[in-house]
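Beneath this line is the structure, given in structure tokens, with notes to follow.
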Amino acid sequence: MVNIKIAQGYLQAGLAVLPADKVRKCPLLPGWKRYQEQLPTEHEVHAWFSNQHNALCIVCGKVSGNLEVIDFDNQGELYPAWSEKVPPELFSKLVIERTPSGGYHIAYRCMDEVCGNIKLAQGEREGKLTTLIETRGNGGLILCAPGDGYELIQGDYTQLSVLTPGEREILLNAAWRFDEKPMTGSTAEPTFLNSTTEETFADCSSGSFALRPGDDYDTRGDVREILIKHGWTSLGFRGDREDWKRPSKEGNGISATLQNGYFYVFSTNAAPFEANQGYAPHRVYALLEHNGDFTAAANALIEQGYGQSNPILENIDEIVANLTHKKEKKNVFTAAELLRTFTSLNEPVIDGLLRRTEVMNVVAAPKTGKSWFILQLAYSLVKGWDFLGFPCKQCRVMIMDNELHTSTISYRMQKVCQSMSISKEDPDLENLSVNTQRFERHSIPEIVKVAEQIKEQGIDLVIIDALYRALPSDVDENSNGQITQMYNQIDTFAQKSGAAVILVHHTSKGNQSGKGITDVGSGAGAQSRAPDTHLVLRAHQEKNAVVVGCCVRSFPPVDSFCLRKDEHNLWHRADDLSPDDLDGKAELTPTGEKRKKTVNEAAIKFFEELGSMKFPMHKTLFITELKERLDISMDKARALCEKLLECKILEVRPGDGANQQAAKKIHLAPGSTVKINEFIQTYGGTI
């Protein structure tokens, strides 16, 4: 267990120390990201570590005095070779610890503010690209000694050395030499003549060039000549990779590499280039020869013979159309165009669950705590905090609530704010807006019309709570065709607004434990197939706990996990519970099939539901109610209805002709006080 005095010593040394989950390798605090910018207080550290914890972690970066840690993974396979390349006098300044997996942490502080995490060396291991060495800087954290399995073998975290930029570069360069990953354009900045950026050589939207000058230079130009002219030195080749040293750098440390047509800069002191960025040759030329003036660079390349002009278009109407009409959005691409244009997935909003312009369902039974769940998520997003283990991008959120009264929403928001230790004066709350629609509901087609307004407001995520009240009145929730059309409109809204969308939805009635994740949700099957993420909350056998299951489209699969609701209605991970222990699972056979209800069980359930059923009602409607409430088939519901009529608990009466009600309806029979045991004795067996 972690000694509280060690944690206090870390804090006194200026380190942001937090209790950690050893298994998940993350802090045991729901709002820990605030400590990326501020140290915890002595009172907080004392309170946290007064409880027994087997792990602690330190937040790296500026908050901990520009702490940076080099992390050697894969059982530390590259650590011995790396340590031999570090000068002994520098090596002696480092804090070194062994990790439980056999890896190593190398810790130090920097004179200058450190950047975010950097992948220094990667290689293929067992058929997969594996990170072998990386840094933990601003925004990162490490689990460390005295946590279980962590062993300091040199130095102490309370006595970290402060390294000069040159010393830091020696350490990072030594690691960079072991990188086995071939350079590609995927790490480079946007393409040379992307008309959506300011840094373009020329406006090519009118078809001025058959071959743009920048593209031509990338193919025929000699970027090595430009680099040498501006003081860069080639250190020779390693295979097809050429190493380069920046101007004025002593020794033979690597500052950048040139491979596969990209100049990848590693050094943090190589202006005008940024560290950890890849540059196509035309960008190198523009930055070094023209101080980043891309228009001047384009003109100079044209004078040097780069680029090919288009022949004059014969049809003047076509020229005018190209110049004055907005080009329609293209939705048919060749494979080459797709691979060249769409080089990455959309930005995650909730990493592991949802990306920008994607749609996600959140499905749960009524009164489960969906709205509290959604508010907790919304606050996590506007603060940029982790949500139940999923990192959230700090962003602007709009909740369109069509269920709750405005006063109820405000009450719940205040409760969640207090429980999450968020001040009412917190400026981040300006990024959460609520559109109350309880008495002025807007259907999905109406919501689509405000997509441009949502985009102008910079909203990153829109939450619609609840879906069933946003459906137009003529849409049947059970119609696959109509529900598919609704999701198509929601997709249109997401694309036009640029925002991600979350739809809050209800489960169907009855036992949910025997269903697959995509079968949970009221109505047509399209409601689970259409979204990019389908997340469901189902009751656990423990009270106030749920099992979370989800299907994702653009992320790796997510294993089911459990949540527990506290006295403040906040949800927390409950890793001590098993996701297999779904409430109602005992009602299933060992093969997972639904066990047939006996008439005893059906009758008991019927009499439990009797008080909430509204009589009279049409016979067809009554049978449907039996099916939903008792979770039995339509055939069995009809059979039970007939038995209830037979024993005179119910009776059929003709309609009221005076009120033009001709249809027969089912009523409770006068004096229908037949005891349930008497009913069971008369009609035994299974339904």
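The values are calculated or read from the model by the stated rules, or taken from the named source; none is laboratory data. Keep in mind that what you see is a predicted model, and the values were worked out from it rather than measured. Glycine gets a Cβ as well: all are built from the backbone with ideal geometry, and neighbour counts include every protein chain shown. Ligands, DNA and RNA are stripped out before the accessible areas are found, and what is left, the full protein with its side chains, is counted by its heavy atoms. Shrake-Rupley method; radii C 1.70, N 1.55, O 1.52, S 1.80 Å.
For region 220-265 and region 554-584, compute the distance between their C-alpha centroids and round to whole Å.
51
Can you give the FRET efficiency to the nearest 0.05 for THR131 and GLU44, using r as the Cβ-Cβ distance and R₀ = 25 Å?
0.20
Based on the Cβ-Cβ distance of THR158 and GLU113, what FRET efficiency does E = 1/(1 + (r/R0)^6) give at R0 = 30 Å, to the nearest 0.05?
Rounded to the nearest 0.05, the efficiency is 0.90.
Taking the DSSP beta bridges in the chain as the whole, what percent of them are antiparallel, to the nearest 5?
On the way: 77 of 106 bridges.
For the chain, the DSSP antiparallel bridge percentage is about 75.
Quickly estimate the mean residue ellipticity at 222 nm for the chain, helices only: each DSSP H run with n ≥ 4 gives -39500 (n - 2.57), and the total goes over all residues, rounded to 500.
So the calculated ellipticity at 222 nm is -8000 deg cm²/dmol.
Does anyone have the angle between helix 294-303 and the longest principal axis of the chain? Alpha-carbon axes, 0 to 90°, nearest 10?
60
Considering only protein heavy atoms and a 1.4 Å probe, what is the carbon-and-sulfur percentage of the accessible area of region 339-403?
On the way: 1220 of 2270 Å².
Roughly 54 percent of what the probe reaches on region 339-403 is carbon or sulfur.
In Å², and per residue, what accessible area does the chain have when probed at 1.4 Å with the other protein chains present?
It amounts to 50 Å² per residue over the chain.
Can you pull the accessible area of PHE615 for me, 1.4 Å probe, Å² to the nearest 10?
Here the accessible area works out near 50 Å².
I'd like the carbon and sulfur percentage of the solvent accessible area for region 41-127, probe radius 1.4 Å, heavy atoms only, ligands and nucleic acids excluded.
On the way: 1760 of 3880 Å².
Reported share for carbon and sulfur atoms: 45 percent.
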